[in-house]
Each structure stands twice: as C-alpha cells, then as structure tokens.
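Before any comments, here is the structure.
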Amino acid sequence: MRPSGKKYGKYAVLALTVTTGLLLSMVSVARYFTPDEYHVTRGSQLQWNSQLISLKEPSVEDELPAGTDTSSNESYRAELMLFHTFPVKTVHVNVVEEQDVALCGTPFGIKMFTNGVMIVGVAEIQGENETVNPGTIAGLQAGDIITSLNGHPVNRNEEIAQTIEKSAGQPVKIAFLREQESMETTLVPVRSKVDGTYKAGLWVRDSTAGIGTLTFYDPTTQEFAGLGHGICDTDTTELMPLRNGEIVPVTINGVVKGQKGAPGELRGYFNTDIPMGTLHANLDQGVYGQLKDNAVEEQKLTGEIVQVAMKQEVQTGPVQILTTVDGGEPQYYDAVIEKISYHDTESSKNMVLRITDSDLLNATGGIVQGMSGSPIVQDGKLVGAVTHVFVNDPTRGYGIFAENMLGTCQSVSAEVEMQAA
C-alpha cells in the first residue's frame with residue numbers, strides 16, 4: 001500500500017522541521033564560536049578559513065560611499081555566512097598595517113615583585129588560651145591581595161610582619177583586593193604561645209622568579225612579548241599583580257622529560273644579575289616589557305624578521321616551533337596544529353598543538369615547562385606561541401594566537417607612554 005497524500009505531507013513537514021532546527025542550531029553554534037571582531041592587513045580582505053563559513057563583504061551601496069575601496073578604510077562591517085547563504089552575524093573588521101617582529105625562541109629569567117602582597121594561605125595560631133585563625137575570622141582568604149595596613153601601603157612581606165608585631169594585639173585595618181574589587185576588613189592579631197610574638201595567621205608572597213621563553217620583540221621599539229600566559233601564584237593559581245620586575249639572560253643546562261601525568265621542565269640558571277629588559281605587564285596573554293639598550297646585540301636576539309599572521313589566517317596542519325632546549329641557540333622543530341578555537345573565553349588557549357619532531361620528542365618528551373612562549377611559525381608567518389602542556393599527554397598542548405600577543409604588546413606600550421607623559 002502506497003502512503004497517502006496526507007502521509008507524504010506529514011513526512012515533508014517533519015523533514016522541513018528537522019532541517020530547519022538543524023540549520024538554526026548550526027547558525028547558533030557558528031555565532032557562538034566565531035569572533036565579533038577581526039583585523040586584516042591593509043590591501044587584503046578578510047578570508048575565513050572554513051568550508052562552512054564565508055564572508056559577505058559590504059556592498060558599496062549598503063555600507064560605503066560610492067567608489068570607496070574597503071581595503072583603504074580603517075574599519076568596516078561584514079556579514080559571516082553559513083554555506084554562503086545563511087547569515088550568522090555581522091562582524092567588525094579593522095584594517096591595520098602589516099606588522100613585522102623579530103622571532104626569539106630564547107630562554108629568559110623573570111624576576112617579579114608584586115603590587116601589594118598576595119595571601120597564599122591562612123593558618124591557625126596557638127594563643128595563650130586557645131587556637132584561633134585571625135585571617136579567617138577577618139574574612140581573608142587565599143588569593144586576596146593586601147594593599148595597605150592601617151592606611152599605609154604595603155608591598156613586602158616584612159612590612160606586614162612588622163605592622164602586626166607592633167600592633168601589640170590591637171585591631172589592624174586591612175585594605176585588600178579580591179578579584180579586582182577593593183575591600184576592607186579588620187584583623188585582630190594573636191599573641192603566639194610558641195614564641196610570644198603577635199601573628200596574623202597569614203602566609204603571604206611578594207615576589208616570584210622563574211624561566212620562560214621570549215616570543216618576539218619589535219625591532220623598531222624594542223618592546224618584547226613572552227610566555228603567552230600570565231605568571232600565576234603556585235599556591236592560589238591567581239595572576240600575580242606586577243609592581244615591578246625585570247628579565248635576565250638564562251642558560252639551559254638540563255631537561256626533565258615530560259611523561260604522562262608528570263610535566264617535564266627546562267632547567268637553567270640566571271647567568272648574570274644584569275637585566276636585559278624591564279617588565280611592564282603581567283597579563284593573561286603573557287608578560288610584556290622593554291628590552292634594554294644593546295640587549296639585542298649582547299644576547300644575540302637578532303632573530304628572523306617575520307610578519308604576524310591574523311587569527312583567521314591560521315590553519316590546522318604542519319607548523320614549526322622555535323625553542324631552546326640546551327645551552328645553544330634556538331632551533332626549529334616540527335609540530336602540527338590539530339584544532340583552532342576562536343572563542344574568546346580562553347585568551348591563551350586558541351589552538352591545540354602536537355609535537356611531531358623526533359629530535360624534540362627524544363630530548364624533552366614533547367612540551368615542557370619553560371617552553372611557554374616558544375614561537376609557532378606557519379607559511380613564513382608568526383601564528384602563535386606555545387602556552388600550556390597537557391598533563392596526560394606531553395606531546396600535546398595549547399597555543400595562543402600571535403595576533404592576541406601583538407595587540408596586547410601594543411596596548412601595554414601605549415599605556416606606558418601615556419603614564420610617562
């Protein structure tokens with residue numbers, strides 16, 4: 001028995017409903033995972049690296065005065081399309097000049113002092129009559145940043161210890177930051193039964209040091225970018241607020257190979273106390289600052305000059321990373337980009353990278369701590385930098401878009417100039 005006309009109609013309606021729902025879902029997903037803003041170099045057009053997504057440039061009649069070339073404007077709007085047909089969303093396109101940078105891949109040491117003092121833990125104090133936790137009672141917690149005591153700014157651990165001891169048990173007013181919000185509280189120090197001194201029951205940290213990799217510097221201004229991720233406190237995992245800091249030359253003298261469940265690391269030493277640069281910012285996208293005069297020549301940072309790729313130019317497939325795993329010069333090693341994410345929630349995890357170079361795998365097991373900031377090069381352009389390793393698979397890790405680091409570097413530079421003026 002053949003289906004009746006009514007049944008054919010029901011099947012058609014059902015098929016149309018399913019197709020429409022699937023299409024709407026795909027549009028929603030595309031809208032969520034594609035950026036709202038893009039940059040293109042002057043004289044080029046936005047090309048989306050996907051078979052599903054395409055771009056509809058603005059028509060002269062709709063967007064621009066008659067006879068205007070989109071490539072000559074500072075910015076314009078365009079429409080992302082699904083299957084070249086269905087509109088996803090309108091995006092903002094900024095036209096920028098080509099930016100060349102000098103590749104590094106050079107290890108460097110970081111000495112950083114915090115703006116304020118970070119609480120990394122609280123502890124109970126054995127008082128004369130009972131055990132108490134003054135910090136917890138005052139509402140303080142790990143990750144808070146103490147900025148002043150009794151109205152006086154503090155930046156060092158010793159300043160807190162001295163103020164607490166001099167209080168002789170009287171309440172101390174504490175101003176602090178929690179997730180960038182200014183707050184205040186009052187802490188009552190406790191006299192320790194163990195040594196007779198007054199204590200706040202706080203573990204605090206005012207500085208840190210470590211090893212990373214320089215990504216690039218601007219050959220004109222000597223501004224540099226490194227790491228590709230921020231420096232966080234080892235106990236709280238919170239971004240450490242920078243008061244001041246510097247970078248120094250480092251010699252790599254050993255490698256702990258990465259294994260499943262145990263990330264490896266580059267081991268090295270600061271070979272001088274003479275700084276090669278000044279830190280200006282510690283942000284989610286890395287560390288940024290200014291190289292000292294003659295640092296490029298003295299530290300042999302005269303790397304290859306390459307153009308920075310825009311994020312939409314980055315493709316899955318073969319790349320090379322530039323990194324240093326011994327006392328010699330930076331070397332190129334083969335890798336592949338397996339996945340690209342354009343969503344902005346993770347500013348330093350824009351791509352998934354897998355090491356394929358047998359020499360690097362034999363030497364390090366893959367990506368190890370200290371390689372963060374190693375440049376990623378594709379088709380002769382800087383497309384990103386290594387940022388993280390997968391704990392359960394050291395051959396794989398994350399990378400950040402070079403465009404993100406360049407934009408942050410330029411913003412930091414502009415802010416420093418404004419403060420100087």
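The values are calculated or read from the model by the stated rules, or taken from the named source; none is laboratory data. In this text, all values refer to a predicted model and were calculated from it rather than measured experimentally. Note that each Cβ is placed from the backbone with ideal geometry, even for glycine, and that neighbours are counted across all protein chains shown.
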| message | Residues that are more than 26 Å from THR251 (Cβ to Cβ), free of Cβ contacts under 8 Å to residues at least 60 places away in the same chain, of a type outside the set (Lys, Arg) and surrounded by 14 or more Cβ atoms within 10 Å (Cβ to Cβ): does region 317-338 have at least one? | response | yes
| field | Only one of VAL383, VAL377, VAL391, VAL352 that is under 20 Å from the mean Cα position of the chain (by Cα), surrounded by fewer than 20 Cβ atoms within 10 Å (Cβ to Cβ) and over 22 Å from ARG267 (Cβ atoms) | value | VAL352
| query | Which residue, of GLY245, GLY303, GLY230, is closer than 23 Å to GLU179 by Cβ and part of a loop (DSSP other than H, G, I, E, B)? | reply | GLY230
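Please go through region 102-155 and give me each residue that is acidic (Asp, Glu) and either over 22 Å from ALA175 (Cβ atoms) or over 32 Å from the mean Cα position of the chain (by Cα) (or both), ordered by number. So that I can check it myself, show each step before the final result.
To start, the set of residues in region 102-155 that are acidic (Asp, Glu) comprises 124, 128, 130, 144.
Matches in region 102-155: GLU124, GLU128, GLU130.
Name the one entry in ILE305, ILE337 that is at pLDDT 85 or above and within 19 Å of ASP100 (Cα to Cα).
Just one listed residue meets the conditions, ILE305.
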| Are any residues in region 67-82 modelled with pLDDT of 70 or more and part of a loop (DSSP other than H, G, I, E, B), and if so, which ones? | GLU74
| message | Residue under question is TYR269, and the condition is that it be crowded, with 17+ Cβ neighbours inside 10 Å, in the same structural domain as VAL416 (by TED's automatic domain parsing) and among the aromatic types (Phe, Trp, Tyr); does it hold? | response | no
| query | What number of residues in region 170-206 are more than 14 Å from GLU124 (Cα to Cα), in a strand (DSSP E or B) and without any contact (Cβ under 8 Å) to a residue 60 or more places away in the chain? | reply | 11
| said: Taking the conditions exactly as written (out of contact with any helix residue (DSSP H, G or I) (no Cβ under 7 Å at 6 or more places or on another chain) and surrounded by fewer than 18 Cβ atoms within 10 Å (Cβ to Cβ)), does ASN253 satisfy them or not? | reply: yes
| Of all residues making up region 187-214, the number that are touching a helix residue (DSSP H, G or I) at 6+ places or on another chain (Cβ under 7 Å), on the phi < 0 side of the Ramachandran plot and not basic (Lys, Arg) | 10
| Can you name every residue in region 88-131 that is part of a strand (DSSP E or B) and without any contact (Cβ under 8 Å) to a residue 40 or more places away in the chain? | THR90, THR131
| Pair list, Cβ under 6 Å, 6 or more apart: region 216-231 residue touching a residue at least 24 places away in the same chain (Cβ under 8 Å), other residue of a type in the set (Asp, Glu) and in a loop (DSSP other than H, G, I, E, B) | GLY230/ASP284
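Condition check ((1) within 27 Å of GLN369 (Cβ to Cβ); (2) at pLDDT below 90; (3) not polar (S, T, N, Q)) across all residues:
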| residue | (1), (2), (3) |
| --- | --- |
| GLY169 | no, no, yes |
| VAL172 | no, no, yes |
| GLU179 | yes, yes, yes |
| LYS199 | no, no, yes |
| ASP218 | yes, no, yes |
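From the list VAL314, VAL325, VAL336, exactly one residue is in the same structural domain as ALA402 (by TED's automatic domain parsing), of a type in the set (A, V, I, L, M, F, W, C), within 14 Å of ALA385 (Cα to Cα) and out of contact with any Pro (no Cβ under 6 Å at 6 or more places or on another chain). Which is it?
Selected residue: VAL314, the only one of VAL314, VAL325, VAL336 that is in the same structural domain as ALA402 (by TED's automatic domain parsing), of a type in the set (A, V, I, L, M, F, W, C), within 14 Å of ALA385 (Cα to Cα) and out of contact with any Pro (no Cβ under 6 Å at 6 or more places or on another chain).
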